[in-house]
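Novice: Just passing along the structure, written as structure tokens.
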Amino acid sequence: MDIWILVLALLVLAIIILLMSLFAKDPTSNASLSKKVEEQGEKIRELQQDINQLNVDPVHKGKIEEDYMEPVTAEDVYFAPENKQETDAEIHETIPEPVNEELAQARINYDVNDRNREDIIRYYSQGYTLKEIENEVDEELVTIQYVIDEYIENR
């Protein structure tokens with residue numbers, strides 16, 4: 001019976017210490033939180049000043065600098081070179097001319113057999129590029145793109 005009194009006393013003591021720790025304030029957390037709030041406020045003020053400067057500057061007013069990124073076309077993505085280390089000149093030489101819509105429609109094989117259709121969807125789901133799928137399945141790129149588009153629309 002004496003052991004149960006000891007266990008009960010320790011349990012009550014543990015609960016009291018737990019409650020005290022929950023309600024105790026950590027003085028360092030308030031200081032670090034205040035410091036972070038001040039840093040974020042300073043960053044926001046700097047950004048607002050930059051925005052105001054752009055609005056006032058007549059040279060940049062209403063103008064966005066576009067020299068940071070080249071526009072990317074669908075052909076750049078679909079017919080991407082295998083070697084990523086190529087220069088821009090080599091990339092533009094390897095990308096074929098855009099195919100006009102009528103010619104693309106004429107080359108699409110709408111009668112893709114079920115086996116090829118399943119292979120195309122499986123390779124697409126595994127993250128293969130169109131070129132890689134073309135190497136694995138005996139179909140044109142436009143046909144592969146058609147099957148993938150059809151798959152996405154009918155999901």
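Novice: May I have the pair-distance distribution P(r) for the range 2-56, computed from all Cα-Cα distances with 10 Å bins from 0 and rounded to whole percent?
Specialist: 19, 19, 17, 15, 12, 9, 6, 2, 0
Novice: Can you tell me how much longer the chain between ASP50 and ASP2 gets when fully stretched, taken as 0.36 nm per residue apart minus their C-alpha distance, in nm with one decimal?
Specialist: In short, 9.9 nm is gained.
Novice: Could you compute the FRET efficiency for THR73 and ARG117, with r as their C-beta to C-beta distance and R0 at 41 Å, rounded to 0.05?
Specialist: The calculated FRET efficiency here is 0.95.
The numbers here are math on the coordinates, done by the rules we state, and not lab data. Remember, it's a predicted structure, so these values are computed and weren't measured experimentally. Here Cβ is always computed from backbone atoms with ideal geometry, including for glycine, and neighbour counts include all displayed protein chains.
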